[in-house]
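Have a look at the structure below, then the notes.
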Amino acid sequence: MPRTSTPSVVIFMGSDSDWPVMGRAAQVLEEFGVPHQAIVSSAHRTHDRTVRLVKDFTRRGTRVFIAGAGAAAHLAGALAAVTPRPVIGVPLASSPLSGLDSLLSTAQMPSGVPVACTAIGEAGARNAALLAVEILALADRKLEGRLLAYRRTLEREVVRKDAKLQKDRRQGRPAAR
Ligand code: RP5
(Lines give C-alpha, C1' and ligand atoms only; values in the text may rest on other atoms or scores of the structure.)
Protein backbone atom coordinates (compact mmCIF):
# COMPACT_ATOMS: atom_id res chain seq x y z
CA MET A 1 0.00 0.00 0.00
CA PRO A 2 1.47 3.39 -0.94
CA ARG A 3 2.13 5.62 2.09
CA THR A 4 0.64 8.98 1.36
CA SER A 5 -0.79 11.40 3.94
CA THR A 6 -3.20 9.85 6.43
CA PRO A 7 -6.74 9.45 5.07
CA SER A 8 -9.38 10.75 7.52
CA VAL A 9 -11.79 8.07 6.34
CA VAL A 10 -10.97 4.61 5.01
CA ILE A 11 -13.57 2.64 3.07
CA PHE A 12 -13.06 -1.09 3.34
CA MET A 13 -14.97 -3.50 1.13
CA GLY A 14 -15.00 -7.26 1.05
CA SER A 15 -14.52 -7.58 -2.71
CA ASP A 16 -13.89 -5.47 -5.79
CA SER A 17 -17.43 -6.47 -6.83
CA ASP A 18 -18.62 -4.11 -4.04
CA TRP A 19 -16.96 -1.07 -5.62
CA PRO A 20 -19.83 0.00 -7.95
CA VAL A 21 -21.89 0.60 -4.80
CA MET A 22 -19.16 1.62 -2.35
CA GLY A 23 -17.80 4.07 -4.92
CA ARG A 24 -20.85 6.20 -3.98
CA ALA A 25 -19.34 6.67 -0.54
CA ALA A 26 -16.04 7.73 -2.10
CA GLN A 27 -17.91 10.22 -4.34
CA VAL A 28 -19.53 11.87 -1.33
CA LEU A 29 -16.21 12.15 0.52
CA GLU A 30 -14.69 13.62 -2.64
CA GLU A 31 -17.50 16.21 -2.83
CA PHE A 32 -16.86 17.25 0.78
CA GLY A 33 -13.10 17.35 0.27
CA VAL A 34 -12.44 14.67 2.88
CA PRO A 35 -9.13 12.78 2.41
CA HIS A 36 -10.03 9.14 2.04
CA GLN A 37 -8.83 5.81 0.75
CA ALA A 38 -10.66 2.73 -0.53
CA ILE A 39 -9.34 -0.77 0.15
CA VAL A 40 -10.47 -4.26 -0.85
CA SER A 41 -9.88 -6.62 2.06
CA SER A 42 -12.14 -9.36 3.27
CA ALA A 43 -13.01 -10.34 6.85
CA HIS A 44 -12.97 -13.99 5.83
CA ARG A 45 -10.62 -14.41 2.91
CA THR A 46 -7.85 -12.09 4.11
CA HIS A 47 -8.57 -11.81 7.81
CA ASP A 48 -5.00 -11.18 9.04
CA ARG A 49 -4.39 -8.57 6.34
CA THR A 50 -7.62 -6.76 7.21
CA VAL A 51 -6.67 -6.62 10.88
CA ARG A 52 -3.16 -5.43 10.04
CA LEU A 53 -4.50 -2.69 7.76
CA VAL A 54 -7.10 -1.30 10.17
CA LYS A 55 -4.56 -1.27 13.02
CA ASP A 56 -2.08 0.53 10.79
CA PHE A 57 -4.64 3.18 9.71
CA THR A 58 -5.71 3.65 13.32
CA ARG A 59 -2.11 4.18 14.41
CA ARG A 60 -1.59 6.69 11.60
CA GLY A 61 -4.66 8.69 12.68
CA THR A 62 -7.60 7.69 10.48
CA ARG A 63 -10.74 8.93 12.24
CA VAL A 64 -13.62 6.90 10.80
CA PHE A 65 -13.90 3.56 9.01
CA ILE A 66 -16.63 2.52 6.56
CA ALA A 67 -17.09 -1.17 5.80
CA GLY A 68 -19.18 -2.40 2.88
CA ALA A 69 -19.78 -6.13 2.58
CA GLY A 70 -22.38 -8.57 1.36
CA ALA A 71 -23.69 -12.01 2.41
CA ALA A 72 -22.54 -13.07 5.92
CA ALA A 73 -21.04 -9.61 6.34
CA HIS A 74 -18.55 -9.58 9.20
CA LEU A 75 -16.26 -6.87 7.88
CA ALA A 76 -17.59 -3.99 9.99
CA GLY A 77 -17.44 -6.11 13.15
CA ALA A 78 -13.95 -7.36 12.32
CA LEU A 79 -12.71 -3.77 11.97
CA ALA A 80 -14.50 -2.62 15.12
CA ALA A 81 -12.91 -5.48 17.07
CA VAL A 82 -9.45 -3.96 16.63
CA THR A 83 -10.00 -0.20 16.48
CA PRO A 84 -11.53 2.24 18.97
CA ARG A 85 -12.57 4.55 16.06
CA PRO A 86 -16.16 4.64 14.80
CA VAL A 87 -17.01 1.97 12.21
CA ILE A 88 -19.99 2.39 9.89
CA GLY A 89 -21.18 -0.78 8.14
CA VAL A 90 -22.95 -0.77 4.78
CA PRO A 91 -24.92 -3.96 4.07
CA LEU A 92 -24.68 -4.90 0.38
CA ALA A 93 -27.19 -6.83 -1.72
CA SER A 94 -24.67 -9.17 -3.35
CA SER A 95 -26.16 -12.51 -2.32
CA PRO A 96 -29.37 -14.37 -3.20
CA LEU A 97 -30.93 -12.88 -0.04
CA SER A 98 -30.63 -9.36 -1.53
CA GLY A 99 -28.85 -7.84 1.44
CA LEU A 100 -31.13 -9.03 4.24
CA ASP A 101 -28.33 -11.37 5.35
CA SER A 102 -25.73 -8.59 5.41
CA LEU A 103 -28.16 -6.16 7.06
CA LEU A 104 -28.70 -8.55 9.97
CA SER A 105 -25.02 -9.55 10.20
CA THR A 106 -24.02 -5.87 10.36
CA ALA A 107 -26.80 -4.51 12.57
CA GLN A 108 -27.00 -7.33 15.10
CA MET A 109 -23.70 -6.73 16.89
CA PRO A 110 -23.76 -8.05 20.44
CA SER A 111 -23.26 -5.54 23.25
CA GLY A 112 -19.76 -4.12 23.73
CA VAL A 113 -18.32 -3.57 20.26
CA PRO A 114 -20.73 -1.38 18.27
CA VAL A 115 -20.89 -0.70 14.58
CA ALA A 116 -23.28 1.80 13.02
CA CYS A 117 -25.39 0.26 10.28
CA THR A 118 -26.85 2.09 7.29
CA ALA A 119 -29.50 1.10 4.76
CA ILE A 120 -28.72 -1.61 2.20
CA GLY A 121 -26.94 -0.58 -0.99
CA GLU A 122 -26.28 2.78 -2.64
CA ALA A 123 -28.33 4.90 -0.23
CA GLY A 124 -26.46 3.23 2.62
CA ALA A 125 -23.08 3.85 0.99
CA ARG A 126 -23.87 7.55 0.52
CA ASN A 127 -25.25 7.83 4.04
CA ALA A 128 -22.20 6.11 5.52
CA ALA A 129 -20.03 8.80 3.97
CA LEU A 130 -22.37 11.57 5.14
CA LEU A 131 -22.33 10.13 8.65
CA ALA A 132 -18.52 10.04 8.53
CA VAL A 133 -18.55 13.70 7.44
CA GLU A 134 -20.88 14.53 10.36
CA ILE A 135 -18.48 12.85 12.78
CA LEU A 136 -15.49 14.74 11.36
CA ALA A 137 -17.50 17.99 11.37
CA LEU A 138 -17.79 17.80 15.18
CA ALA A 139 -14.26 19.22 15.26
CA ASP A 140 -14.25 21.09 11.95
CA ARG A 141 -16.49 24.17 11.55
CA LYS A 142 -15.73 24.53 7.83
CA LEU A 143 -16.86 20.99 7.17
CA GLU A 144 -19.98 21.61 9.23
CA GLY A 145 -20.68 24.63 7.02
CA ARG A 146 -20.42 22.43 3.92
CA LEU A 147 -22.82 19.93 5.50
CA LEU A 148 -25.36 22.66 6.22
CA ALA A 149 -25.04 23.94 2.65
CA TYR A 150 -25.63 20.40 1.38
CA ARG A 151 -28.76 20.09 3.54
CA ARG A 152 -30.03 23.36 2.03
CA THR A 153 -29.60 21.94 -1.49
CA LEU A 154 -31.70 18.92 -0.47
CA GLU A 155 -34.35 21.25 0.89
CA ARG A 156 -34.41 23.41 -2.25
CA GLU A 157 -34.72 20.28 -4.39
CA VAL A 158 -37.85 19.11 -2.54
CA VAL A 159 -39.42 22.57 -2.73
CA ARG A 160 -38.64 22.71 -6.47
CA LYS A 161 -40.23 19.26 -7.00
CA ASP A 162 -43.33 20.30 -5.09
CA ALA A 163 -43.66 23.51 -7.11
CA LYS A 164 -43.45 21.45 -10.32
CA LEU A 165 -46.07 18.99 -9.07
CA GLN A 166 -48.46 21.82 -8.16
CA LYS A 167 -47.95 23.46 -11.54
CA ASP A 168 -48.44 20.21 -13.46
CA ARG A 169 -51.67 19.48 -11.57
CA ARG A 170 -53.01 22.98 -12.14
CA GLN A 171 -52.38 22.51 -15.86
CA GLY A 172 -54.04 19.08 -15.78
CA ARG A 173 -50.86 17.20 -16.76
CA PRO A 174 -51.05 13.45 -16.15
CA ALA A 175 -49.20 12.12 -13.09
CA ALA A 176 -45.59 11.14 -13.82
CA ARG A 177 -45.05 7.40 -13.85
C1 RP5 B 1 -18.63 -10.55 0.36
O2 RP5 B 1 -19.04 -11.48 -0.58
C3 RP5 B 1 -18.20 -9.35 -0.44
O4 RP5 B 1 -18.33 -8.18 0.35
C5 RP5 B 1 -19.12 -9.35 -1.61
O6 RP5 B 1 -20.26 -8.53 -1.38
C7 RP5 B 1 -19.57 -10.80 -1.69
C8 RP5 B 1 -19.17 -11.49 -2.96
O9 RP5 B 1 -17.79 -11.37 -3.17
P10 RP5 B 1 -17.12 -11.87 -4.55
O11 RP5 B 1 -17.44 -13.33 -4.67
O12 RP5 B 1 -17.72 -11.03 -5.66
O13 RP5 B 1 -15.65 -11.61 -4.39
O14 RP5 B 1 -17.59 -11.01 1.15
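Distance from the C-alpha centroid of region 8-73 to that of region 90-121: 15 Å, rounded to the whole angstrom.
For the chain, find the longest principal axis of its Cα atoms and tell me its angle to the long axis of helix 19-31, 0 to 90°, nearest 10. The helix 19-31 is inclined about 70 degrees to the chain.
Taking all protein chains as they are arranged and a probe of 1.4 Å, the heavy atoms of Met109 leave approximately 60 Å² accessible to solvent.
Note on region 9-139: with neighbouring protein chains present and a 1.4 Å probe, carbon and sulfur make up 56 percent of its accessible heavy-atom surface. Mean separation of Cα pairs under 8 Å and 6 or more residues apart, divided by the residue count, gives region 9-139 a relative contact order of 27 percent. A crude spin-label estimate for the pair Arg60 and Val82, with each label 7 Å from Cα along the Cβ direction, gives 1.5 nm.
Helix 47-60 and the long axis of the chain differ in direction by around 80°, with both axes built from C-alpha atoms. Where does helix 141-170 land angle-wise versus the long Cα axis of the chain, in degrees 0 to 90, nearest 10? The answer is roughly 30 degrees.
For the chain, what is the accessible area per residue in Å², given a 1.4 Å probe and the full set of protein chains? Could the numbers behind the result be given before it?
On the way: 10330 Å² over 177 residues.
Result: 58 Å² of accessible area for each residue.
The values are calculated or read from the model by the stated rules, or taken from the named source; none is laboratory data. Keep in mind that what you see is a predicted model, and the values were worked out from it rather than measured. Heads up, the Cβs are rebuilt from the backbone with ideal geometry, glycines too, and the neighbour counts pull from every protein chain shown. In case anyone asks, the SASA skips ligands and DNA or RNA and just uses the protein heavy atoms, side chains included. Shrake-Rupley method; radii C 1.70, N 1.55, O 1.52, S 1.80 Å.
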